[in-house]
Amino acid sequence: MEPQISDAFTLRVSEVFESLQGEGPHAGRACVFLRLALCNLRCGWCDTKYTWDFKSHSYDQEVKEQPVAELVEQLQALAPRHLVITGGEPLLQQAALQTLLTELDPKLFVEIETNGTLPPSAFLSARVQHWNVSPKLANSGESEARRLRFPALLEFSRLPGAWLKLVLSSPAEWSEAEAIVAQAGWPKERISLMPKASNRAELEAASKGIAELAASQKVRFSTRLHLLLWDGARGT
């Protein structure tokens, strides 16, 4: 597992863009996205490998080591009402995230997407209104020891704004997902199931089965609007 970065004044940034939130309870909401670089997992189906796979992508071209003060100005110019911080794995850079959020409007709605392997700091737990916590299943290609950290998941499960997002290849993976839900003690009213897909065609093929599974288990189904609308084009 990659160590957390302790630098509190520089963020490793992949991209900043405006779009609609494509997943989870806030799907369809206009947002500013701050995508951070670096990740502690290596999921085979990851659609943002440019944030961490620097054997296939150039770190110098893909990552901007940006002073927090500069990023604050950039985000303020966009005047967001809803900020989504994603990655990569954002919680590798918690110290600088705290500095960033301290400088931004305290009324700004903040949502963080995380793989759930790293517990949030007390500051982030109190400041962030919504968490999309997505522990990975075996379909990621990662070992269970790397992808599932139940002490961290238990901390997230106690946060009222944290939702568990499970990415399934097929309904046959429900038993594996259900075991994660049980061990993490996650309330069913804050669980969503999402089809594994990297483009519109894959999403359309997988959605019905996962949606029917979600209905049968009385949990939420999450589509992926950015795939439906833009077929997964970068910056959407």
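The values are calculated or read from the model by the stated rules, or taken from the named source; none is laboratory data. Note that the structure is predicted; figures quoted are calculated from it, not measured. All Cβ positions, glycine included, derive from the backbone under ideal geometry; neighbour counts span all protein chains shown. Quick note on the areas: whole protein, heavy atoms, side chains included, nothing else; ligands and nucleic acids left out. Shrake-Rupley method; radii C 1.70, N 1.55, O 1.52, S 1.80 Å.
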- Relative intensity, log₁₀ I(q)/I(0), of the chain from a Debye sum that treats every alpha carbon as a point, q = 0.09, 0.13 Å⁻¹: -0.35, -0.76
- Where does each of 227-235, 157-165, 189-197 land if you order them by average Cβ count within 10 Å, highest first? 189-197, 157-165, 227-235
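Taking 4 °C and 1.567 mPa s as the conditions, I'd like the Stokes-Einstein D for region 86-145 in µm²/s, using the Kirkwood hydrodynamic radius from alpha carbon pairs.
Details: Rh = 12.6 Å.
My calculation gives 103 µm²/s for D.
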- Dimensionless Rg/Rh of region 109-236 - Kirkwood Rh, Rg from C-alpha atoms: 0.96
- Task: Determine ³J(HN,Hα), in whole Hz, for all residues of region 172-182 in sequence, where each value follows from phi through the Karplus function 6.51 cos²θ - 1.76 cosθ + 1.60 and θ = phi - 60°; x replaces Gly and Pro.
- Result: 5, 8, 4, 4, 5, 5, 4, 5, 5, 4, 5
- Task: No other cysteine beta carbon under 4.7 Å away is the test; run it over the chain and list who passes.
- Result: Cys31, Cys39
- Query: Roughly how much of Asp47 is accessible, in Å² to the nearest 10, using a 1.4 Å probe?
  - Reply: 80
- Task: Put one equal scatterer on each alpha carbon of region 1-110, apply the Debye formula with no solvent term, and list log10 I(q)/I(0) at q = 0.11, 0.20, 0.22 1/Å to two decimals.
- Result: -0.34, -1.13, -1.31
- Query: Within region 129-149, what residues put their amide N at less than 17 Å from the label point 7 Å along the Cα-to-Cβ vector of Ser19?
  - Reply: 132
- Message: Please report Rg (one decimal) and Dmax (integer) in Å for the Cα set of region 53-172.
- Response: 15.8, 47
- Message: Report for region 15-130 the percent antiparallel among DSSP-assigned beta bridges with both residues inside it, nearest 5.
- Response: 40
- Query: Relative to the longest principal axis of the chain, what angle (0 to 90°, nearest 10) does the C-alpha long axis of helix 68-78 take?
  - Reply: 70
- Task: Can you grab the distance from the C-alpha centre of region 48-91 to the C-alpha centre of region 126-151, Å, no decimals?
- Result: 20
- Per residue, in Å², the accessible surface of the chain once ligands and nucleic acids are set aside, probe 1.4 Å: 44
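Accessible area of the chain with a 1.4 Å probe: how many percent of it is carbon plus sulfur?
Working: 5390 of 10360 Å².
The C+S portion of the solvent-accessible surface of the chain is 52 percent.
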- chymotrypsin sites (Phe, Trp or Tyr not before Pro) in region 6-79 lying in a DSSP loop, each with at most 16 other Cβ atoms within 10 Å of its Cβ, come to Phe9, Trp45, Phe54
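Take every DSSP beta bridge whose two residues both sit in the chain, then give the antiparallel share in percent to the nearest 5.
Details: 11 of 33 bridges.
Once the DSSP bridges in the chain are tallied, antiparallel ones form about 35 percent.
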- Task: Identify the residues of region 155-182 with backbone N under 19 Å of a label point that sits 7 angstrom from the Cα of Glu189 along the Cα-to-Cβ direction, or state none.
- Result: 156-165, 181-182
- Query: Taking only Cα atoms, what is the 0 to 90° angle, nearest 10, from helix 94-103's long axis to the longest principal axis of the chain?
  - Reply: 60
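Which order do you get for Glu113, Glu70 if you rank them by accessible area with a 1.4 Å probe, largest at the top?
Numbers: Glu113 30, Glu70 80 Å².
Largest accessible area first, the residues go Glu70, Glu113.
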- Query: What is the helix-to-structure angle for 200-217, meaning the angle in degrees between its Cα long axis and the longest Cα principal axis of the chain, kept from 0 to 90 and rounded to the nearest 10?
  - Reply: 60
